[in-house]
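Below is one structure; the comments refer to it alone.
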Amino acid sequence: MVTQGMRTMLAIVKRERTPGLWLQETPIPMLGAFDVLIRVKRSSICGTDMHIYDWDSWAQKTVPTPMVIGHEFVGVVQAVGSHVHDFHPGMVVTGEGHVVCGRCRNCLAGRRHLCNKTSGVGVNRPGAFAQYLSIPETNVWAADPNISLEILSCFDPLGNAVHTALSFDVLGEDVLITGAGPIGLMAIAIAKHAGARFVVITDMNPYRLDLARKMGATIALDIRTANLSTVMTDLGMKEGFDVGLEMSGNAQALNDMLAAMCHGGKIALLGIQSKAAAIDWDLVVFNGLTIKGIYGREMYETWYKMTSMLQSGLDISRVITHRFPYFEFEQAFRVMKSGQSGKVILDWSE
Ligand code: NAD
Ligand code: ZN
């Protein structure tokens with residue numbers, strides 16, 4: 001139990017409504033009757049955390065201050081609320097960063113990832129870049145302790161990748177991924193694991209294209225110097241890609257993808273496009289394309305699939321490229337910003 005004497009902890013906090021983050025003493029979060037208090041062991045940095053660090057317009061209108069940030073984590077149960085029966089001190093756990101309402105139509109139907117009133121850990125409620133995190137037991141995932149802490153700390157973005165990559169059947173299909181960021185890199189391994197024939201990925205960052213090759217991409221294409229139609233000819237593809245995973249958030253990438261899809265192709269859209277992004281709608285209509293928007297992960301079918309695929313040989317360990325102790329978070333954010341990284345981990349173990 002957390003004793004009376006140690007009511008505060010260290011946390012990475014958005015304190016001022018200006019760019020930057022602050023490591024500071026913060027109250028240990030409250031433990032409600034249905035909550036689980038977690039001693040954080042590892043956390044990993046997400047693009048969302050970068051937006052909060054930079055204090056862009058999205059962050060300014062979304063994040064109240066002060067706010068403990070971060071939502072990708074793994075830890076050990078420290079204490080549980082009086083109504084929690086399935087979790088016990090010492091269990092290794094990770095968790096879902098979207099806290100859903102439980103009462104809307106989708107929640108009641110068991111489609112919690114489509115809840116229309118979610119609140120975000122480390123965005124609208126205290127987060128995981130801290131020594132302790134308190135979340136509802138319905139958000140806690142009992143982890144397989146045989147999976148490494150580093151990998152477990154990436155279950156949130158791995159869940160984005162799995163939810164996107166498994167949205168459409170890829171067995172025997174040719175898959176195009178645009179954007180070799182951490183999530184695109186993970187999606188390579190998932191699509192291969194799920195039986196895709198060719199997995200082609202595009203980016204313009206040589207460091208990430210190199211990682212993409214290590215992750216098993218059939219071809220990792222630098223779109224500054226080559227194009228997709230040449231790749232298709234080289235691979236002997238005749239009609240275009242069957243499944244597209246848009247993971248860059250870049251409008252040009254989406255347009256490249258639309259033009260490279262086969263008739264009847266399926267696209268899962270994870271990347272967050274700007275409001276002004278324009279596409280050639282003729283390609284969607286006349287080629288009979290399906291486009292599905294992806295937000296978050298399915299609770300908890302995606303979590304189940306992540307676990308079982310890791311248990312049956314899925315390997316995403318190469319996506320993790322950097323590790324820092326939590327008090328060196330400034331260096332960690334700098335590495336993330338440079339683009340010369342995959343996933344960057346913060347270590348909270350003493
Ligand atoms: P990231 O920003 O690290 O990676 C994006 C990659 O796309 C970069 O490596 C960049 O060089 C590359 N890129 C830029 N322009 C390109 C182009 N024209 N063609 C090909 N590649 C190009 O992002 P990430 O953390 O891997 O996340 C991927 C995307 O998914 C981001 O847009 C992110 O905002 C979004 N996202 C969405 C959700 C959701 O729930 N929908 C969740 C997490 C992340
Ligand atoms: Zn809901």
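The values are calculated or read from the model by the stated rules, or taken from the named source; none is laboratory data. Everything quoted here is computed from the prediction, not taken from an experiment. Cβ: placed from backbone, ideal geometry, glycine included. Neighbour counts: every protein chain shown.
Does at least one position in the range 45-52 carry a residue that is closer than 15 Å to Ala130 by Cα and either touching a Phe, Trp or Tyr at 6+ places or on another chain (Cβ under 7 Å) or among the acidic types (Asp, Glu) (or both)?
yes
Scan the range 46-81 residue by residue and report those that are part of a loop (DSSP other than H, G, I, E, B), closer than 17 Å to Pro29 by Cα and free of Cβ contacts under 8 Å to residues at least 60 places away in the same chain.
Restricting attention to the range 46-81, the residues satisfying the condition of being part of a loop (DSSP other than H, G, I, E, B) are 46, 55-56, 63-66, 69-71, 81.
Add one more test, that the residue is closer than 17 Å to Pro29 by Cα, and what stays is 64-66, 69-71, 81.
The answer is Thr65, Pro66, Gly81.
Starting from the range 108-130, take each residue that is near ligand 2 (Cβ under 10 Å from one of its atoms) and list its partners that are of a type in the set (S, T, N, Q) and part of a loop (DSSP other than H, G, I, E, B), counting only C-beta distances under 9 angstrom and pairs at least six apart or across chains.
Arg112/Thr118; Thr118/Asn124
Could you tell me which of the residues Thr65, Thr118 is more than 16 Å from ligand 1 (Cβ to nearest atom) and among the hydroxyl-bearing types (Ser, Thr, Tyr)?
Thr65
Do you know which residues across the range 98-107 are in contact with a His (Cβ under 9 Å, 6 or more places away or on another chain) and free of Cβ contacts under 8 Å to residues at least 40 places away in the same chain? Reasoning before the result, please.
Filtering the range 98-107 down to residues in contact with a His (Cβ under 9 Å, 6 or more places away or on another chain) leaves 98, 100, 106.
If the condition is that a residue be in contact with a His (Cβ under 9 Å, 6 or more places away or on another chain) and free of Cβ contacts under 8 Å to residues at least 40 places away in the same chain, then Asn106 is the only one that fits.
Say whether the condition of being aliphatic (A, V, I, L, M), within 24 Å of Ser43 (Cα to Cα), within 14 Å of ligand 1 (Cβ to nearest atom) and in contact with a helix residue (DSSP H, G or I) (Cβ under 9 Å, 6 or more places away or on another chain) is met by at least one residue in the range 295-308.
Taking the range 295-308 and keeping what is aliphatic (A, V, I, L, M), we get 299, 306.
Applying the additional criterion that residues be within 24 Å of Ser43 (Cα to Cα) yields 299, 306.
Checking which are within 14 Å of ligand 1 (Cβ to nearest atom) leaves us with 299.
So of that shortlist, the ones also in contact with a helix residue (DSSP H, G or I) (Cβ under 9 Å, 6 or more places away or on another chain) come out as 299.
Scanning the range 295-308, I find at least one residue that is aliphatic (A, V, I, L, M), within 24 Å of Ser43 (Cα to Cα), within 14 Å of ligand 1 (Cβ to nearest atom) and in contact with a helix residue (DSSP H, G or I) (Cβ under 9 Å, 6 or more places away or on another chain), so the answer is yes.
Residue under question is Val84, and the condition is that it be more than 16 Å from the chain's Cα centre (by Cα), outside any loop (DSSP other than H, G, I, E, B) and at pLDDT 95 or above; does it hold? Reasoning before the result, please.
On the way: more than 16 Å from the chain's Cα centre (by Cα): yes; outside any loop (DSSP other than H, G, I, E, B): no; at pLDDT 95 or above: yes.
It is false that Val84 is more than 16 Å from the chain's Cα centre (by Cα), outside any loop (DSSP other than H, G, I, E, B) and at pLDDT 95 or above.
Report the residue count in the range 247-290 for those that are in a strand (DSSP E or B), touching a helix residue (DSSP H, G or I) at 6+ places or on another chain (Cβ under 7 Å) and either more than 11 Å from ligand 1 (Cβ to nearest atom) or outside the structural domain of Ala212 (by TED's automatic domain parsing) (or both). First the steps, then the outcome.
The initial filter retains those residues of the range 247-290 that are in a strand (DSSP E or B), namely 261-269, 290.
Then drop every residue that is not touching a helix residue (DSSP H, G or I) at 6+ places or on another chain (Cβ under 7 Å), which leaves 267-268.
In the following step, the residues that additionally are either more than 11 Å from ligand 1 (Cβ to nearest atom) or outside the structural domain of Ala212 (by TED's automatic domain parsing) (or both) were identified as 267.
Within the range 247-290, residues that are in a strand (DSSP E or B), touching a helix residue (DSSP H, G or I) at 6+ places or on another chain (Cβ under 7 Å) and either more than 11 Å from ligand 1 (Cβ to nearest atom) or outside the structural domain of Ala212 (by TED's automatic domain parsing) (or both) number 1.
Checking Glu330 against (1) in a helix (DSSP H, G or I); (2) within 16 Å of ligand 1 (Cβ to nearest atom), only one condition comes out false. Which one?
Of (1) in a helix (DSSP H, G or I); (2) within 16 Å of ligand 1 (Cβ to nearest atom), only one is false for Glu330: (2).
Does the range 186-220 hold any residues that are within 13 Å of ligand 1 (Cβ to nearest atom), within 23 Å of Tyr304 (Cα to Cα) and in contact with a strand residue (DSSP E or B) (Cβ under 8 Å, 6 or more places away or on another chain), and which are they?
Once the filter is applied, which keeps residues that are within 13 Å of ligand 1 (Cβ to nearest atom), within 23 Å of Tyr304 (Cα to Cα) and in contact with a strand residue (DSSP E or B) (Cβ under 8 Å, 6 or more places away or on another chain), the range 186-220 yields Ala187, Ile188.
Looking only at the range 263-272, count how many residues are in contact with a strand residue (DSSP E or B) (Cβ under 9 Å, 6 or more places away or on another chain) and surrounded by fewer than 20 Cβ atoms within 10 Å (Cβ to Cβ).
1
Checking the structure you have, find out if any residue of the range 221-234 is under 20 Å from Ala191 (Cα atoms), out of contact with any strand residue (DSSP E or B) (no Cβ under 9 Å at 6 or more places or on another chain) and assigned to a loop (DSSP other than H, G, I, E, B).
Checked the range 221-234: no residue is under 20 Å from Ala191 (Cα atoms), out of contact with any strand residue (DSSP E or B) (no Cβ under 9 Å at 6 or more places or on another chain) and assigned to a loop (DSSP other than H, G, I, E, B).
Please enumerate the residues belonging to the range 87-102 that are in contact with a helix residue (DSSP H, G or I) (Cβ under 8 Å, 6 or more places away or on another chain) and not in a loop (DSSP other than H, G, I, E, B). Break it down into steps so the answer makes sense when it comes.
Just the residues of the range 87-102 that are in contact with a helix residue (DSSP H, G or I) (Cβ under 8 Å, 6 or more places away or on another chain), to begin with: 87, 92, 94-102.
Correct list: Val92, Thr94, Gly95, His98, Val99.
crowded, with 24+ Cβ neighbours inside 10 Å, farther than 12 Å from Val243 by Cα and either within 16 Å of ligand 2 (Cβ to nearest atom) or free of Cβ contacts under 8 Å to residues at least 40 places away in the same chain (or both): does that describe Ile183? Can you show your working first?
Values: crowded, with 24+ Cβ neighbours inside 10 Å: yes; farther than 12 Å from Val243 by Cα: yes; either within 16 Å of ligand 2 (Cβ to nearest atom) or free of Cβ contacts under 8 Å to residues at least 40 places away in the same chain (or both): no.
When the stated conditions are applied, Ile183 does not pass them.
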